[in-house]
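Data first, discussion second: the structure below is written as structure tokens.
The values are calculated or read from the model by the stated rules, or taken from the named source; none is laboratory data. On a predicted model such as this, the values are computed, not experimentally measured, just so you know. Note that we place each Cβ from the backbone using ideal geometry, even for glycine, and neighbour counts take in every protein chain shown.
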Amino acid sequence: MRGGGARALAFALLRGAAVVFVVVLVSLVLLHLAPGDPMARVADDASVPDGMREQLRAQMGTDRPLPEQVVRWVAYAVRGDLGFSVSAGLPVRDALAHALPYTLLLGGIALVVGFALGIGIALAQVRTAGRRLDRWLAAGALAIWALPEFLIALVLIELFSLRLGWLPTSGVRDLMLDAGAGAGAQLIDRARHVALPALTLALVVAAQVARHQRVALQEAWGEPFVRAARSRGVREGALLLRHAWRAALAPTIALAGLALPTLASGAFVIEYVFAWPGMGRLAFQALADRDPHLALGCVVLTATLVVFGGTFMDIIHARVDPRRARAA
């Protein structure tokens, strides 16, 4: 990597770390101002002595002034200690480590399938611009984009689970499946359970990508380098895929960076509907139970993935866009 590129990357990473710190600070302030007691569950239990409640508050640090809570949390977080979750009953780090793989699986499948489907729809629209297929695809993408995610989820459950009986309605595995079942049977079972929540998210992502990619393709179609390639006798299909599409990928990659919150936190509504034990459900549990350490851990992990994932997408953007590549 060139010196200027290395300096730019280092600056972007430092800027990302500053953004994460600001997110931590704002989150701590909001949690501190929010009504309710983080120890409400313990406090409501008459069998717990008053001294034990105060001792637990002292251990969690919730009885200290806000500036001290910020310094204390950052000091422990640097060492990898994110605190203890009262609602989950285990360290926050362990709770996040258990939920994150499920969200990465669900969000990863949804993003890959959604972007592939959305790009394919956009290419089909450009090839059939102004025709009936183009109009139907545009109307379908707009309708899916406008619908709430939970409604799409309920429609898919009604169709594929209740009517056709092809896929399970919720969970991550079949509780009746023998624990000694082979790897193939377990893989199929996991694929059947992830299919509906991933398809729900993928349809929403595909609708967004298709609309953005179609506009980007139309703009790239009039670029000078595309007209130059056409004047050299390049066929329309190759012109679309090898020239216009590469330039049109730039805004789509930027959209992928914006979609990273879906990958990090999951669509908690979808995870709730399908009882999927990912980051979305964990964050919802933290907010519902007024669990500050768990809520802050979810926020920090999400912010870190979004900020540094966005930096990574900027690097890919610069390499994919032929206009920026030539400028470099």
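Kindly indicate whether residue 309 is at pLDDT 70 or above and over 24 Å from residue 22 (Cα atoms). Taking the combined requirement at face value, the residue does not satisfy it.
Those helices (runs of 4 or more DSSP H) of region 78-164 in which 3 or more residues are without any contact (Cβ under 8 Å) to a residue 40 or more places away in the chain, over 20 Å from residue 190 (Cβ atoms) and out of contact with any Phe, Trp or Tyr (no Cβ under 6 Å at 6 or more places or on another chain) occupy 92-127, 132-146. Within region 138-158, the presence of at least one residue that is modelled with pLDDT of 85 or more, closer than 21 Å to residue 219 by Cα, surrounded by 15 or more Cβ atoms within 10 Å (Cβ to Cβ) and not basic (Lys, Arg) is confirmed.
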